[in-house]
Amino acid sequence: MKTILIKNGTVINPLNRRNPVRVADIFIRDGKIAKIKQNLDRPGADIVINAKGKLVTAGLVDMHVHLREPGREDKETIATATRAAAKGGITTILGMPNTSPTIDSQTTVKFVLEKGREEGIVNVLTAGALTKNMEGKELAEIWEMKMNGASMVIDDCAEEQGMRLRRLALEYCKTFDMPILTHPEDADLKDDAVMNEGWAATQMGLSGSPASTESLVVARTLELLREVPTPYHFTHVTTERSVELIREAKKDGLPVTADVTTHHLLLTDEACLNYNTAAKVDPPLRTETDRLALIEGLKDGSIDAIITDHAPHLLVEKFVPFAEAAVGIIGLETLFALAYTELVEKKVLSLPEFFAKLTINPASIIRSDRGKIVEEAIADISIFDPNEEWKIDKNKFQSKGRNTPFHGWKVKGKASEVIVGGELVVKQGELLK
Ligand code: DOR
């Protein structure tokens, strides 16, 4: 394996409380970070990267990605998703189980992890479904999935699920410390809604789902967690009230964490106007008040991580009337630039705070040893040029998906080099694999 020397980069290490931002060199040998030091002299390095003026960080960790494989390889594959991730500076992704078949057994978990090792160019992890076939009726073989490498279990896509089963899941997962991830949305209350309830929906004559669709599930789940505290993660929260509830729960010491998507941080339901199906997503884009509350939640630590919820769909599934269009937005290749432009350029978060939400925090929630830029750690490193301005062009994506509402947006910040397990996979912004 080649040795790599990264020279003069601005190294961001949120774990280093005293000195989280410093100019240093990094030497990589045998897949690991061998040394981080100023003016490191390693004349024999096989590859030397000049990172002057660039941000050198642990590779990003995206804990919510719809890989579509197995079953919908026409939409995305592990090969294409991981190439898209690498281009975006993301070195670890957690796949979601709503594939076909559902990832609800040890066999399907093994399939995704093996395929990830064989065909992925970044680290591929997977979540398993909480219930069999994601039907919300019977718990899946959670222990067996964990034994075969599933990082957590999730009840995604607003599946019907009674409180009795939810409580049972908490009790069962607690016995072997399996974290649960939830997509908080009450399917009954949501009914046939296709976007957020509000004036934009009314204007277009579309059915809307109220914010309580989400906060009701958060509140009820928190009540259960008070009785059975077990690691619990609320994914893609969207409403002001959810953020308040999670903030209170954290203050009370409950073992809860939460994440937010880039699209909920940047857009509101007005993006759906003119029946723009590119902005149709589940949970839906909410109001400006909600958006600002999400940003506040990120700032004060109520929200721990930023995710993509990368959800590729076919063009034809979005080229239909709004009510019938598929839900989802892709994000692997735009995560960094959108978040950086909104949060760092606008001085909402400091660099260490920002990178913590994209590296160490999601890594620790999913119990991964990645997301760290320290000596002895596995060398998953991304180098970003914070000054590169570029225009998002969906036709240039590595992902098979084109469903983004951000096409044509001008953003700042791009991955120039990406290293996974000590191997250079992106050089000067281009994939090497
Ligand atoms: O917008 C979404 N798309 N939300 C989900 O919960 C599922 C996802 C998908 O799989 O397309």
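Observations, loosely collected:
- Residues located in region 80-96, provided they are closer than 16 Å to Ile307 by Cα and within 16 Å of the ligand (Cβ to nearest atom): Ala81, Ala84, Ile93, Leu94, Gly95, Met96
- Cβ pairs under 7 Å, 6+ apart, first in region 8-20 and open to solvent by 60 Å² or more (accessible area, probe 1.4 Å), second assigned to a loop (DSSP other than H, G, I, E, B) and of a type in the set (Val, Ile, Thr): Leu15/Val374
- Of Phe397, Phe384, all but one fail to be in contact with a helix residue (DSSP H, G or I) (Cβ under 9 Å, 6 or more places away or on another chain), within 17 Å of Lys54 (Cα to Cα), open to solvent by less than 50 Å² (accessible area, probe 1.4 Å) and at pLDDT 95 or above; the exception is Phe384.
- Residue within region 401-418 that is on the phi > 0 side of the Ramachandran plot and buried (at least 20 other Cβ atoms within 10 Å of the Cβ) present: yes
- Selection within region 141-188 - at pLDDT below 95 and acidic (Asp, Glu): Asp155, Asp156, Glu159, Glu160, Glu185, Asp186, Asp188
- Selection count, region 329-370, where residues are under 27 Å from Met178 (Cβ atoms) and either open to solvent by less than 10 Å² (accessible area, probe 1.4 Å) or of a type in the set (Ser, Thr, Tyr) (or both): 10
- Check on Thr126, out of contact with any helix residue (DSSP H, G or I) (no Cβ under 8 Å at 6 or more places or on another chain), in contact (Cβ under 8 Å) with a residue 24 or more places away in the chain and among the hydroxyl-bearing types (Ser, Thr, Tyr): no
- For region 323-348, filtering for residues that are away from the ligand (no atom under 16 Å from the Cβ), touching a Phe, Trp or Tyr at 6+ places or on another chain (Cβ under 9 Å) and farther than 19 Å from Gly408 by Cα leaves 3.
- Checklist (1) more than 16 Å from the ligand (Cβ to nearest atom); (2) not in a helix (DSSP H, G or I) applied to Lys146, failing item: (2)
- Residue in region 158-171 that is open to solvent by less than 10 Å² (accessible area, probe 1.4 Å) and part of a strand (DSSP E or B) present: no
- From the options Thr257, Thr239, residue that is within 16 Å of the ligand (Cβ to nearest atom), among the hydroxyl-bearing types (Ser, Thr, Tyr) and at pLDDT 95 or above: Thr239
- Extreme residue, farthest from the ligand (Cβ to nearest atom), among residues of region 260-285 that are outside any helix (DSSP H, G or I) and crowded, with 24+ Cβ neighbours inside 10 Å: Val260
- Qualifying residue in region 189-211 (condition: exposed (fewer than 14 other Cβ atoms within 10 Å of the Cβ) and within 27 Å of Glu138 (Cα to Cα)): yes
- Residue ID - most open to solvent (accessible area, probe 1.4 Å), chosen from residues in region 127-141 that are part of a loop (DSSP other than H, G, I, E, B) and not aliphatic (A, V, I, L, M): Lys137
- Residue count for region 297-322, restricted to those that are open to solvent by 30 Å² or more (accessible area, probe 1.4 Å), more than 18 Å from the chain's Cα centre (by Cα) and either within 26 Å of Glu240 (Cβ to Cβ) or within 14 Å of the ligand (Cβ to nearest atom) (or both): 3
- Selection within region 6-60 - more than 29 Å from the chain's Cα centre (by Cα), of a type in the set (A, V, I, L, M, F, W, C) and under 28 Å from Ser364 (Cα atoms): none
- Within region 301-316, no residue that is on the phi > 0 side of the Ramachandran plot sits with its Cβ atom under 9 Å from a residue that is of a type in the set (A, V, I, L, M) and more than 15 Å from the ligand (Cβ to nearest atom) at 6+ positions apart or across chains.
The values are calculated or read from the model by the stated rules, or taken from the named source; none is laboratory data. Computed from a predicted structure; not experimentally measured. Reconstructed Cβ throughout: ideal geometry from the backbone, glycine too, with neighbour counts over all protein chains shown. Accessible surface areas use protein heavy atoms only, side chains included; no ligands, DNA or RNA. Shrake-Rupley method; radii C 1.70, N 1.55, O 1.52, S 1.80 Å.
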